[in-house]
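Step one of this worksheet: look at the structure below.
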Amino acid sequence: MARAFIGNTECRIQTDKDLGESWAVAVYPADPKAAPLVVKLQGNDKAAVTVGALEILQKSGKIDRFEA
């Protein structure tokens, strides 16, 4: 199971099937007032889509690191 971190705080990750082969990957920061970070991707493999979304969030500076 993948894990995402903002600073040293672990964030909850949720990957949901959207329409067709689309997936919505949401990372929920520990602050309940903060909006979730959402990335939508297409693919067949849930684990690969989750890792791809976390890579996008890390490269854009939204999360500090992740573990697959």
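Within segment 6-31, take every residue that is hydrophobic (A, V, I, L, M, F, W, C) and within 12 Å of the chain's Cα centre (by Cα) and give me the one that is nearest to GLY61 (Cα to Cα). Spell out the reasoning first.
As a first pass, look at segment 6-31 and keep what is hydrophobic (A, V, I, L, M, F, W, C): 6, 11, 13, 19, 23-27, 30.
With within 12 Å of the chain's Cα centre (by Cα) added as a condition, the list becomes 6, 11, 13, 23-27.
Values: ILE6: 10, CYS11: 15, ILE13: 17, TRP23: 21, ALA24: 19, VAL25: 16, ALA26: 15, VAL27: 13 Å.
In this case the residue turns out to be ILE6.
Annotation: of all residues in segment 11-68 being in a loop (DSSP other than H, G, I, E, B) and basic (Lys, Arg), the one that is farthest from MET1 (Cα to Cα) is LYS33.
Please indicate, with yes or no, whether at least one residue in segment 50-64 is touching a helix residue (DSSP H, G or I) at 6+ places or on another chain (Cβ under 8 Å) and of a type outside the set (S, T, N, Q).
Step one: list which residues in segment 50-64 are touching a helix residue (DSSP H, G or I) at 6+ places or on another chain (Cβ under 8 Å), which gives 63-64.
Right, trim to of a type outside the set (S, T, N, Q) and you get 63-64.
Yes, because at least one residue in segment 50-64 is touching a helix residue (DSSP H, G or I) at 6+ places or on another chain (Cβ under 8 Å) and of a type outside the set (S, T, N, Q).
Residues that are surrounded by fewer than 13 Cβ atoms within 10 Å (Cβ to Cβ), within 21 Å of THR9 (Cα to Cα) and aliphatic (A, V, I, L, M) within segment 39-68 comprise just one, ALA68.
Of ALA53, ALA48, ALA24, ALA35, all but one fail to be touching a residue at least 24 places away in the same chain (Cβ under 8 Å) and of a type outside the set (Lys, Arg); the exception is ALA53.
Bear in mind these aren't lab numbers, they're just calculated from the coordinates by the rules spelled out. For clarity, every value in this text was computed on a predicted model and none was experimentally measured. Because the Cβ atoms are built from the backbone with ideal geometry, glycine has one as well, and the counts that use them run over all protein chains shown.
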